[in-house]
Amino acid sequence: MIGISIKHLRYFDALARQGHFGRAAEACSISQPALSLQIKELEEILGAKLVERSSKQIRLTMLGEAFALRGRDILQAVEELTDLARASRGPLAGRLRIGVIPTVAPYLLPRLIKELVARYPGIELHPREALTRILLEDLVGGRLDAAIVALPITEPSLASFILFEEEFVLVRPRDDAAKPVPSPSMLREMRLLLLEEGHCFREQALEICSISSLAPRALMEGSSLSTLVQMVGAGIGVTLIPEMAMPVEIRGAAVCVARLDAPRPTRMIGMVWRKTNPLADQLMEIAEMVRRVGLLALEDADSAFGPAPIAP
């Protein structure tokens, strides 16, 4: 009799997470019929249904829900066995899956990837850009090795390493350059452009201005920092962006940037990974490298202000 294989568990885990045969097949890089066949084979081995199928969606049975949870534990244990062997071989090599939030990725990843490849010639990088919630889910589930996010995080199974602290800076239309810098309370009365729901940076910006995310305000939204800055350049409003984003986002835009008055709002960026990951020592080395790269990026951003000093 054929037994349950790791392949069965991976395919079923993808289906449970995606809730759709087509998306799950795409995530596993196989055809939908092949995935369906593997799930059917798994159900035959178990002698019970794991999935309720309909023309538009799938739903896990009670057994399927419990099986998915146990299966993820097994898959994570298998990943950690593989990582244990990798850790014993010395310098980091092979696959490294690292996630980065969207308000950091474009400004940090290009330089970081170059540094990592130079330092670890045998590394096979798999970077992923996604929202914090998704990155933490994938990290806990063993689908990522590490993630670069805004701290703090509350997941007890994860270790964190502080990388750097960066300021929030104000972006206004170029014609406003000579005007006094508004206080956070004044920003509440202005047309503030924010990222869409789900971005932690959005919630941090609302907190700076003491605006409730539930308040019935006409806050304008964009899908990226690039969109927000271009909207500001068009005279639609003002926005806040992280300091590291300045060299990329304000280039060629009809905007000006200004530091807010003290105490200047900041956010802490860190790298997180599972406490049980056998690669923890190697990930700490990588975190030190990320920190150096991040500080260099912040030095580049500081030049956008000219000679104005950075507050301690």
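General remarks:
- Test for Q18: is it surrounded by 14 or more Cβ atoms within 10 Å (Cβ to Cβ) and closer than 18 Å to L75 by Cβ: yes
- Only strands (runs of 3 or more DSSP E) whose full extent lies in the range 215-283 are considered here, and the ones with at least 2 residues that are touching a Phe, Trp or Tyr at 6+ places or on another chain (Cβ under 7 Å), surrounded by 21 or more Cβ atoms within 10 Å (Cβ to Cβ) and of a type outside the set (D, E, K, R) are 238-242, 266-274.
- Residues satisfying the stated conditions in the range 138-185, i.e. without any contact (Cβ under 8 Å) to a residue 24 or more places away in the chain and in a strand (DSSP E or B): none
- I153 passes every criterion in (1) under 18 Å from T266 (Cβ atoms); (2) within 23 Å of the chain's Cα centre (by Cα); (3) among the aliphatic types (A, V, I, L, M); (4) at pLDDT below 85 apart from (4).
- Complete set of residues in the range 109-166 that are within 13 Å of I98 (Cβ to Cβ) and basic (K, R): R128, R143
- Residue count, the range 49-61 (criterion: over 28 Å from the mean Cα position of the chain (by Cα) and either of a type outside the set (A, V, I, L, M, F, W, C) or modelled with pLDDT under 90 (or both)): 7
- For R291: the one exception among (1) modelled with pLDDT under 90; (2) in a helix (DSSP H, G or I); (3) of a type in the set (K, R): (1)
- Of the residues making up the range 51-64, those that are within 18 Å of I4 (Cα to Cα) and either in the same structural domain as P278 (by TED's automatic domain parsing) or free of Cβ contacts under 8 Å to residues at least 40 places away in the same chain (or both) are V51, L63.
The values are calculated or read from the model by the stated rules, or taken from the named source; none is laboratory data. Small disclaimer: the values here were computed from a predicted structure and weren't measured. Neighbour counts are summed over all protein chains in view; Cβ atoms, including those assigned to glycine, are modelled from backbone coordinates with ideal geometry.
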